[in-house]
Amino acid sequence: MKVRSAVLAQTGRPLDVRELTLDPPGEGELLVRIEAAGLCHSDLSVIDGSRPRPLPMALGHEAAGVVAASRSPEFAAGDHVVLTFVPACGACPPCVSGRPALCVPGAAANRAGSLLGGGRRLGEVFHHLGVSAFSEYAVVSARSAVKVPAGLPFEVAALFGCAVLTGAGAALHAAGIGPRDSVAVFGLGGVGLSALLAAKAAGAGTLIAVDVVEGKRDLALALGATHAVPGGEHAVEHVRDLTGGGAVKVVDTTGVAPVLAQAYAATAPGGVTVTVGLPAPGAGLTIPALSLVAEEKTLRGSYLGSCVPRRDVPRFIGMYTSGVLPVDRLLSGRLRLDQVNEGFDRLRSGQAVRQVVLMR
């Protein structure tokens, strides 16, 4: 079938919305009619070249839609689904141990720009993280999909595929934020604000939002942060002053190594620093090695929020529908597919939190 997709042909260049030929799904795959797809810094890092990927590539990895055709017994036409960016095989050691975000075949397929079952369904164009959501339709592995309630608005449902899984998962699973914990979140995009909302839902005490953009700090306060401080050279000092020596749980979502170093420095002795951002592959990190022992600090990475999507997407949706995780407030723009480059310009400049491309 013919579909319109947003394709990155050359690093650093705008996406080209063009017509592609999409092959039908193979065994264990779905044809999904994409309804909404979020713009994320992970897409931007491919566009800007800090995350090298094979080109040309049809971008987009955070999405919701409707199954149009299924070659999997788990799904039927008409099912509403959220798509996630790690297709977990279910059989490799990480999957068997309950850590599907680290799926070995899934990671290999994502690096290659292919689907979990092998190969591509877009001719010479590569898939982005097994999803390629900036398209009218997509063929995905059934392992990339999670069923969701039909009444959930698509523009909200899409957020659960990346921003909410990554941010809320990092706060609740990796950082283990609990009642009365002092918390700092560095970076207030869709992922960071999802972490902040989850920390609030978990009963955090002092909840500090850190970002260079004043409007994002204002939004964080409206969402429940107790304090908001500017990012930059004085951020660590501010967090320490507000917490009496450092936050017990700190989440960094920026993907900027010097900011991660600040987040670690703002962590209290005995505390945990969790990072979910994706720095450039060659970026290094310098921290005081002695502090890991003498201050019993923990520095932990978290991919996909250390989540199990088929468990956590329904859980987080339940928190949203009950009112304790109002992620719909993160939506800062709705776009048509042919406006996707304007959306990435706003994301790059820091003007947007989470924009969503609506396909219809």
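The values are calculated or read from the model by the stated rules, or taken from the named source; none is laboratory data. Everything numeric here is computed off the predicted structure, so don't read it as measured data. Glycine gets a Cβ as well: all are built from the backbone with ideal geometry, and neighbour counts include every protein chain shown. With ligands, DNA and RNA removed, areas are computed over all heavy atoms of the protein, side chains included. Shrake-Rupley method; radii C 1.70, N 1.55, O 1.52, S 1.80 Å.
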Exercise for review: Quote the relative contact order of region 68-140 in percent (integer), defining contacts as alpha-carbon pairs under 8 Å separated by 6+ residues.
Suggested key: 22 percent
Exercise for review: Assign one of three labels to region 271-352, namely rounded, prolate or oblate, based on the Cα gyration tensor with a ≥ b ≥ c the square roots of its eigenvalues; rounded applies when a/c is under 1.5, prolate when it is not and a/b is larger than b/c, and oblate otherwise.
Suggested key: oblate
Practice item. Leaving out ligands and nucleic acids, note down the accessible area per residue over region 68-219 with a 1.4 angstrom probe, in whole Å². Key: 32 Å²
Exercise for review: Taking the Cα centre of region 248-344 as origin, sum charge times position over the Cβ atoms of Lys and Arg (+1) and Asp and Glu (-1), and report the length of that vector in debye to the nearest 20.
Suggested key: 320 debye
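Of all accessible surface on the chain at a 1.4 Å probe, what whole percent is carbon and sulfur? Working shown, then result.
Values: 7300 of 13740 Å².
C and S atoms contribute 53 percent here.
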Study note, to complete from the structure: Expected unfolding gain across residue 218-residue 55 under the 0.36 nm per residue rule, minus the alpha-carbon gap, is 54.8 nm
Revision key, fill the gap. Of all DSSP beta bridges having both residues in the chain, the percent classed as antiparallel (nearest 5) is 55 percent
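Which order, highest average first, do 270-283, 1-14 follow once you tally other Cβ atoms within 10 Å for each residue and take the mean per peptide?
Highest-to-lowest ranking by the protection proxy: 270-283, 1-14.
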Check your understanding: Relative contact order for the chain: what is it in percent, counting Cα pairs under 8 Å that are at least 6 residues apart?
Key -> 17 percent
Review point. Got a sec? Charge dipole of the chain, +1 on Cβ for Lys and Arg, -1 for Asp and Glu; which of 176, 49, 232 is way out at the positive end?
Key: 176
Exercise for review: Give, in nm to one decimal, the length gained when the segment between residue 291 and residue 358 is fully stretched (0.36 nm per residue of separation minus the Cα-Cα distance).
Suggested key: 19.4 nm
Exercise for review: Please name which of 265, 221, 153 has its Cα lying farthest along the dipole of the chain towards the positive end, using unit charges on Cβ (Lys, Arg +1; Asp, Glu -1) and the Cα centre as origin.
Suggested key: 153
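Okay, helix-only estimate at 222 nm for the chain: each DSSP H run of n ≥ 4 adds -39500 (n - 2.57), divide by all residues, round to 500 deg cm²/dmol; what do you get?
Here the helix-only value at 222 nm equals -7500 deg cm²/dmol.
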Check your understanding: Between residue 1 and residue 341, how many nm apart are label points set 7 Å from Cα along the C-beta direction?
Key -> 2.7 nm
